[in-house]
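Peer 1: First the structure, which I've put down as structure tokens, then a few questions once you've had a look.
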Amino acid sequence: MGSPRARSLLCWRDVSALARIAFVLLLTSPAAAQPRLDAHRVPAGTTLETRLRTVVGSAFSQVDDQVDATLLSAIATDGIELIPAGSVLHGRVVEVRRASATELRGRVTVAFFVVQHRQTNSRATIATEPVVFDAPAADPGEKADRKARKAAKRPIDVETPAALPLSVVLASPLTVFVPK
């Protein structure tokens with residue numbers, strides 16, 4: 001078996017050889033040949049046309065519930081498509097106000113924080129302006145009878161329909177990296 005010192009040197013040589021092999025593999029691996037990337041910026045204030053995939057409502061939604069929307073048209077700058085139509089925006093409910101005797105109109109507010117590329121499934125962090133859904137105000141009109149005026153004082157919750165078209169505005173710039 002040899003002396004402890006000889007075994008120690010043998011182990012050290014083995015570790016050193018393995019380290020050299022790992023370094024050579026790292027240099028020659030496909031990951032080492034990363035593609036060069038161009039940065040493209042989508043400015044704050046850009047409107048994203050989407051279709052809501054999640055139904056939200058003031059009677060049943062809760063803060064932090066997930067909300068998803070599908071991008072209806074591609075995001076492009078300088079003729080380069082950065083994010084294709086069909087990509088998904090992920091967000092959450094940020095405020096819920098249920099209709100009540102003191103607040104007659106329900107409200108739900110959502111915002112989006114991630115966009116997921118349709119083809120690559122890569123994700124980018126985004127920040128959008130909050131999107132507010134308010135229940136319609138009941139307006140009995142001037143000539144309404146007593147029953148209509150009383151109905152106008154009932155609480156009304158809001159609920160979005162399925163597949164609601166939705167314009168979402170970027171609150172901060174989005175930088176997208178595209179291979180050259």
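Peer 1: How large is ³J(HN,Hα), in whole Hz, for each residue of segment 38-46 in order, when computed from phi with the Karplus curve 6.51 cos²θ - 1.76 cosθ + 1.60 and θ = phi - 60°, using x for Gly and Pro?
Peer 2: Each residue's phi maps through the Karplus curve to give 9, 8, 10, 10, 9, x, 4, x, 5 Hz.
Peer 1: Next question. Quick check: net charge around Lys180, other residues with Cβ under 14 Å of its Cβ, Lys/Arg +1 and Asp/Glu -1?
Peer 2: -1
Peer 1: HN-Hα J couplings of segment 165-178 from phi, Karplus 6.51/-1.76/1.60, θ = phi - 60°, integer Hz, Gly and Pro as x?
Peer 2: Once rounded to whole Hz, the list reads x, 9, 8, 10, 10, 5, 8, 9, x, 10, 9, 10, 9, 10.
Peer 1: Which residues' amide hydrogens lie under 5 Å from the amide hydrogen of Leu166, considering only partners 5 or more residues apart or on another chain, with H built in the peptide plane?
Peer 2: Distant-sequence amide H within range of Leu166: Thr50, Arg51, Leu52.
Peer 1: Taking H as built 1.01 Å from N, whose amide H comes closer than 5 Å to the amide H of Ala74, not counting residues under 5 places away?
Peer 2: Counting only residues 5 or more places away or on other chains, the set is Ala85.
Peer 1: Moving on. Can you give the net charge of the other residues whose Cβ lies under 11 Å from the Cβ of Val114, counting K and R as +1 and D and E as -1?
Peer 2: Local net charge: +1.
Peer 1: Now, a different point. Return the sequence-ordered ³J(HN,Hα) values of segment 105-112 in whole Hz as given by the Karplus equation 6.51 cos²θ - 1.76 cosθ + 1.60 applied to θ = phi - 60°, using x for Gly and Pro.
Peer 2: Computed from phi, the couplings for segment 105-112 are 10, x, 8, 10, 10, 10, 8, 10 Hz.
Peer 1: Please report the net charge: other residues with Cβ closer than 15 Å to the Cβ of Glu129, K and R +1, D and E -1.
Peer 2: Result for the local shell: -1.
Every number here is computed from the coordinates shown, using simple stated rules; none is lab data. Keep in mind that this is a model prediction, so the values were computed, not measured. Every residue, glycine as well, gets a Cβ built from its backbone with ideal geometry; the counts of neighbours run over all protein chains shown.
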